[in-house]
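Structure first, then comments.
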2 protein chains.
Amino acid sequence: MKVTFQIEGASPVIIECNAGDNLLELARRANVAIDAPCSGNGSCGKCRIRLVEGEVESLQSRHLSDEEYAAGWRLSCNCKVVGDCTVFVPDIASAYQSRMKTADLSSPQEVAIFQECQNQLHASGIRFENPFRAVVLHLSAPSLEDTMPDNERLSWGIREALGVEKVEIPFGVMVHLSHILRQEGFAVCVKGQLLGDAFRCMEITGVADTALVGAAIDIGTTTVTMVLTDLTTGKILAKGSSGNGQIRYGADVINRIIQQGRPGGRKKLQDAIIKETLTPILVNLCKSAGVSARSILRLCVGANTTMNHLFVGVDAEPVRMEPYVPSFFSWEGLLAGDLKLPANPLAPVIIAPNIGSYVGGDITAGTLASGIWDKDEMSLFIDLGTNGEIVFGNRDFLMSCACSAGPAFEGGDISCGMRATDGAVEACTIDKETMEPALGIVGDPDQRPVGICGSGIIDLISELFRTGIINAKGLFVREGERVKRDDHGMGRYVLAWAEESETGREISINEVDIDNFIRAKGAIFSAIDTLLKSVDMTVDTIDRVYVAGGIGSGINMKNAVNIGMFPDVDLEKFHYIGNSSLSGAYAMVMSDAAAEKTAEVASNMTYLELSTYPGYMDSFVAACFLPHTDARLFPNSCRG
Amino acid sequence: MKVTFQIEGASPVIIECNAGDNLLELARRANVAIDAPCSGNGSCGKCRIRLVEGEVESLQSRHLSDEEYAAGWRLSCNCKVVGDCTVFVPDIASAYQSRMKTADLSSPQEVAIFQECQNQLHASGIRFENPFRAVVLHLSAPSLEDTMPDNERLSWGIREALGVEKVEIPFGVMVHLSHILRQEGFAVCVKGQLLGDAFRCMEITGVADTALVGAAIDIGTTTVTMVLTDLTTGKILAKGSSGNGQIRYGADVINRIIQQGRPGGRKKLQDAIIKETLTPILVNLCKSAGVSARSILRLCVGANTTMNHLFVGVDAEPVRMEPYVPSFFSWEGLLAGDLKLPANPLAPVIIAPNIGSYVGGDITAGTLASGIWDKDEMSLFIDLGTNGEIVFGNRDFLMSCACSAGPAFEGGDISCGMRATDGAVEACTIDKETMEPALGIVGDPDQRPVGICGSGIIDLISELFRTGIINAKGLFVREGERVKRDDHGMGRYVLAWAEESETGREISINEVDIDNFIRAKGAIFSAIDTLLKSVDMTVDTIDRVYVAGGIGSGINMKNAVNIGMFPDVDLEKFHYIGNSSLSGAYAMVMSDAAAEKTAEVASNMTYLELSTYPGYMDSFVAACFLPHTDARLFPNSCRG
């Protein structure tokens, strides 16, 4: 039998198969990207395809309306092949898994955060100094009287120019040396790295190209973000992001670990991040910055422990299996060439160190950027990614833990969820009388809504709760024009009618979405609660709360407290610090001292494994209410 | 049009082509190996193929008899395609370019030379010590109480076992660490290299495999020879050799440099040595020694400057162009993985340093092995390869030069020439009265002759001269049954009639062969003469003469003096030391001190460029007689 995938905006792919084969599995085998955040267990409803010809065996999912089912829409994860068929695959760059985006660096807020990071680290004595140098040499050509071979001639010139004792010319540079010296008439620019009293050559170019570039990369489970920086000045040269191409192997780390454990899986997951995600962004940013990929002389990655394992292609299975001891925390000596990244193959790749299976380099880099390691006051650092990670402490101690919050804060696990990009509802108020919503939407003023991002969901649930439309369990208790129920009685609140939305589909939040989100916020709060208890402290001891992550700068802290996600402390104590994994990675690329400090912070940080910590499960269950089963913890929560 | 190559012992190859295409060029394009030592200029007569079907446009060469021409034999280098045709290609592993051969190590002379080399260096204070170690570790498995990640666990074990401070785990080892530790139950053998206070891991295996292997390689222009050695004991594990696969791009370095300068040429020449020559030998020797290729932790190469450039894939053009300044003399930091050699990819590849365009690492390694750098007495070191290189001096100074002797000593440029392998005439005497020869043949007692190797040619010419069959110019001056003349009057001496030989073809030496050889021996003698003159010395100052190279241990020094190839000194002063490039490489693999000493010897050696040295050409012309135009230089030469 044959299945033809008609891919939106790409050539069709045909694969031979047998009766009974699963359509999502076939798509993966044929390397057809279908969004499947739940990794094919039918819960997320994202893997929709439309039957164009032939038939498949498939039950109607709750994620598909009768009209959609009649129009041929199916969830590929529950389709069995019964004969030849043709299916339409919508562009993987859907609302959830957004297209690659290059930031507009003329907008001051895009670059301000990196300048702030530098200023703050500077105040803590961390200088932005690194060992990368570009040396322009005007050598004399060989003659019968001057018979020094090419490599000795070059080494001599570099020793004179830099005052080093030893010069290393690695293979990849050496094989082209003879050619480039003659092509450039023995006037060249040598880029490389000081290593003690030695200089390691990394690239030889004409004298006009003296660019020294660093790349800071945040590899999130859902989103990848990157900046290119001038290694001399620290200036941001380009910034971009896109969805993590691994998303089709599962939205969360557990599903991806399972997938990488299958035959050939490690290679597939590594290709998905390196070839399909990082390579296009790097190529694009180099073009945008007007630099060659070979000018990228150092890369730094902030990523969670699983992402780090999948990035380097090391078996991640030990991450999820007791005793949860991963293959590595830190990794020395990694080079861009080892991973075939489009950068100088000799460029060191620094991985911000992991400290446990579920507290990774994104958190140690983020902790560096937050500056809490150098303060007297007690700080809480909360990173809301696909997982939630919490760090608490000050210059004397740092405790950390992770909770499995799921992808809700990035719009996953929510039927109309999306990332905080154009068209996302990022803020919302609801009129208590009329129950009509007022929406804040990312993008142009006349942008129609596409879906809801993390900060929008927080607002929405807080407002539904404040206005008494839902109860403490997240169930609909008021009726009205905007509150609908399906055949099974499940309630939903409609933010935008089909005709008002960009997609032509209704944008709403239902009880399953709300339940998913309450579990996510409950995981965050109970993690904070347990971490504080583990050091015998309470919320009163918290001097500052740093909130980081892709949830968006629009996060309304008052609403987050209102629903019991963050502890009920003075709103002035909250600070949104953006993508701290990325700004930490930026600091580490620019500064050896920052990289060393991150390693020091990591080695001094204590990791609390919540899954085996007594009392955590009770705390979690208690937190799965609005705002909490113990309302005394949230005196300022405003129930309508 | 189509040409079909019917290759002896292999599948046919068909290539599309145009009228007028040269058959040898086509063969190269189709990757069909045809022996062409003269690189296709028609002078060597080795590239013979036989027309089976169709026609080609071709002149009859002096290298083909009328019978052979009638039977369809042609020289591929002077065939133009005129229509579809099929040609038979004799096995490239011909008499000249012999098959790969694995030495029988039960023969004591095969291993004695390496033991002698070790003893002699030992006497000079050079110890056979190297930094390679195999450590067996029994680590505890991780648990909830012992959460050290894999790489830290391994590093800890190595630090404990070796007392080092730092452990490097390179990428290629690290990616498999998690898997191998679990597969082997955390009991492993780690092989690697001590680097100061650090240990670099190179391979992790089960505890049963503790082999530490080194490879010493002599890359000759004509022949490649290799030994595998136990890095701990110095024992020879396997030895083998084969022709250099680059031979089809030319017999001498100049033709190969020209070939590598053509588009794609560098890659072709590098593939010919690495993929087609070294890889099969390495694989074969590993099999024979019962070790894995990944156990090879260090390689050392003794090769001339051009071979070194082609080996690493660096443009060799500067070697042959004024001012004759090559890309490198020595090369640090080269790894087997850079060259994709079948060895541990992290294994350092040490290239014995070159000291000039035409005095390369084969000579510096050979000089180390000869021991002349540590003696008071004045020594002459002569390496007879495809070129001839001479070193003269003692512990106080070393002078060197090279002469373009051509491949005659290895059987090239001689119509019935071959290397010193089975079937080669390696010794010869001629009865003065009857003019009948008595032959010494390599191999079984009843082996029929195949061709003549270098030592055989020396004997033959010396005997022809002694018996008055040829004159001082190498022309035939006696008539007899064994002396034949062709239609052009060119004389030849028949050593074996067609029916007596292994090939069914007459084995003879003609005036062109003799002329070629006289030029070769003249080049050697005039080089020695010029080198002595350059330091104001004469042959009387020579205390010892070391003769090295593939000419064979059967070389008769008396005959070599007789024809004026070597200076007329006491025969007791001569010592044949075999393949000194290989034994030098062996010492450098086994011993850091030997490698350092070679570098020191190289940097102290003075290189004399003969081509621009006043008087050299006159000296060469004077030496192109038997024994010399100035007979007083050879009082002991015995003219018949």
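Straight-line cross-link reach from B:LYS558 at under 16 Å between alpha-carbon atoms covers these lysines, not counting any fewer than eight positions away in the same chain: B:LYS521, B:LYS573. Shown here for segment A:167-243: trypsin sites (Lys or Arg not before Pro) in loop regions (DSSP other than H, G, I, E, B) with at most 14 other Cβ atoms within 10 Å, namely A:LYS235. Amide H to amide H distances under 5 Å link A:ARG48 with A:SER76, where only residues 5 or more positions off or on other chains count and H is placed in the peptide plane. Determine one quarter of the surface area of the Cα convex hull of segment A:530-626, which equals its mean projected area, and express it in nm² to one decimal. Quarter of the Cα hull surface area: 7.9 nm². Figure note: A:LYS484, B:LYS166 ranked by solvent-accessible area, largest first, 1.4 Å probe, ligands and nucleic acids not counted: B:LYS166, A:LYS484.
Each distinct pair of alpha carbons in segment B:337-429 adds a 1/r term; the inverse of their mean, the Kirkwood radius, is 15.8 Å.
The A:LEU194 and A:VAL535 beta-carbon pair, evaluated with R₀ = 30 Å, returns a calculated FRET efficiency of approximately 0.10.
Chain B has one residue whose beta-carbon comes closest to the axis relating it to chain A; that residue and its distance in whole Å are B:GLY337, 5. Extent along the principal axes, Cα only, for the protein assembly as shown: 132, 67, 55 Å, with the longest axis given first. Note on B:SER292: accessible area approximately 50 square angstrom, rounded to 10, probe 1.4 Å, nucleic acids and ligands left out. When only the Cβ of Lys, Arg, Asp and Glu is charged (+1, +1, -1, -1), the dipole of chain A relative to its Cα centre reaches about 740 debye. The spacing between segment A:464-523 and segment A:119-145, judged by their C-alpha centroids, is 58 Å. Each Lys and Arg contributes +1 and each Asp and Glu -1, all at the Cβ; summed about the Cα centre of the protein assembly as shown, the dipole is approximately 680 debye. Projecting the Cα atoms of B:ALA10, B:CYS77, B:LEU137 onto the charge dipole of segment B:1-157, computed from C-beta unit charges around the Cα centre, puts B:CYS77 farthest toward the positive end. Taking amide H atoms as placed 1.01 Å from N in the peptide plane, the amide H of A:VAL477 lies under 5 Å from those of A:ILE470, A:ASN471, each 5 or more residues away in sequence or on another chain. Contact-buried residues of segment A:308-337, at a threshold of 50 Å² lost accessible area versus the chain by itself: A:PRO323, A:VAL325, A:SER327, A:PHE329, A:TRP331 (1.4 Å probe; DNA, RNA and ligands ignored).
Applying the Karplus relation 6.51 cos²θ - 1.76 cosθ + 1.60 with θ = phi - 60° to segment A:501-518 yields 3J(HN,Hα) values of 8, 5, 8, x, 10, 4, 10, 8, 10, 10, 5, 5, 4, 5, 4, 4, 5, 4 Hz, where x marks Gly and Pro. Considering only B:ILE158, B:ALA208, B:TYR249, the residue lying farthest towards the positive end of the dipole of segment B:132-271 is B:TYR249, judged by Cα position with unit charges set on Cβ.
Computed with the Debye formula from one identical point scatterer per Cα of chain B, without solvent, the log10 of I(q)/I(0) at q = 0.06, 0.07, 0.12 Å⁻¹ comes to -0.35, -0.48, -1.25. Semi-axis lengths, largest first, of the ellipsoid equivalent to segment A:63-183 are 59, 29, 13 Å, with √(5λ) applied to each eigenvalue of the Cα gyration tensor. The share of accessible area on segment B:82-184 that comes from carbon and sulfur is 50 percent, using a 1.4 angstrom probe. Between this copy and the others, label points of B:LYS2 are 3.0 nm apart in ascending order, each placed 7 angstrom from Cα in the Cβ direction.
Here is how far apart the B:THR606 label points are across copies: 7.4 nm, shortest first, using a point 7 Å from Cα toward Cβ. Chains B and A together bury roughly 2800 Å² of accessible area, counting both sides, with a 1.4 Å probe on protein heavy atoms only. Taken one residue at a time, the phi angles of segment A:575-592 give Karplus couplings (6.51, -1.76, 1.60, θ = phi - 60°) of 9, 8, 10, x, 7, 6, 4, 5, 5, x, 5, 4, 4, 5, 5, 6, 9, 4 Hz. Gly and Pro are set to x. Remark on B:GLY360: its backbone amide H falls under 5 Å from those of B:THR305, B:ILE355, a criterion applied only to residues 5 or more positions apart or on other chains, H modelled at 1.01 Å from N.
Taking the DSSP beta bridges with both ends in segment A:195-351, the antiparallel portion is around 60 percent. Relative to the compact-globule estimate of 2.2 N^0.38 Å, the Cα radius of gyration of segment A:456-585 comes out at 1.23. A Cα-only calculation for segment A:438-517 places Rg and Dmax at 12.6, 38 Å. Under Stokes-Einstein, with the Kirkwood radius over Cα pairs as Rh, the value for segment B:263-342 at 20 °C and 1.002 mPa s is 154 µm²/s.
Contact residues in segment B:144-164 (at least 20 Å² less accessible area with all protein chains than alone, 1.4 Å probe): B:LEU144, B:THR147, B:PRO149, B:ASP150, B:ASN151, B:GLU152. Per residue, segment B:384-446 exposes an accessible area of 35 Å² to a 1.4 Å probe, with every protein chain left in place. Only the Cβ atoms of Lys and Arg (+1) and of Asp and Glu (-1) were treated as charged; on that basis the dipole of segment A:148-220 about its Cα centre amounts to roughly 100 debye. The portion of the accessible surface of segment A:597-640 made up by carbon and sulfur, rounded to a whole percent, is 56 (1.4 Å probe; DNA, RNA and ligands excluded). Looking at segment A:1-91, none of the chymotrypsin sites (Phe, Trp or Tyr not before Pro) sits in a DSSP loop with at most 14 other Cβ atoms within 10 Å of its own Cβ.
If you wrap segment B:346-505 in the convex hull of its Cα atoms and look at it from every side, the mean projected area works out to 14.2 nm². What a 1.4 Å probe finds exposed on segment B:351-423 is 41% carbon and sulfur by accessible area, rounded to a whole percent. Note on segment A:132-281: Kirkwood hydrodynamic radius from all Cα pairs is 18.3 Å, rounded to one decimal. If both residues of a DSSP beta bridge must be in the protein assembly as shown, then about 70% of such bridges are antiparallel. Taking the label point 7 Å along Cα→Cβ, A:GLU500 and its counterparts in the other copies are spaced 11.0 nm apart, in ascending order. With helices as the sole contributors, chain B gives -8500 deg cm²/dmol at 222 nm; each DSSP H run of n ≥ 4 counts as -39500 (n - 2.57), and the sum is divided by every residue. Site-free segments of chain B were taken between GluC sites (Glu not before Pro) in DSSP loops having at most 12 other Cβ atoms within 10 Å, sites themselves excluded; the longest one is B:166-376. Of all aspartates and glutamates in the structure, the ones whose alpha carbon falls short of 16 Å from that of B:LYS267, not counting any fewer than 8 places away in one chain, are B:GLU276, B:ASP315, B:GLU317, B:ASP338.
The values are calculated or read from the model by the stated rules, or taken from the named source; none is laboratory data. Everything numeric in this text was worked out from a predicted model, so none of it was measured. Note that we place each Cβ from the backbone using ideal geometry, even for glycine, and neighbour counts take in every protein chain shown. SASA here: full protein model, heavy atoms, side chains in, ligands and nucleic acids out. Shrake-Rupley method; radii C 1.70, N 1.55, O 1.52, S 1.80 Å.
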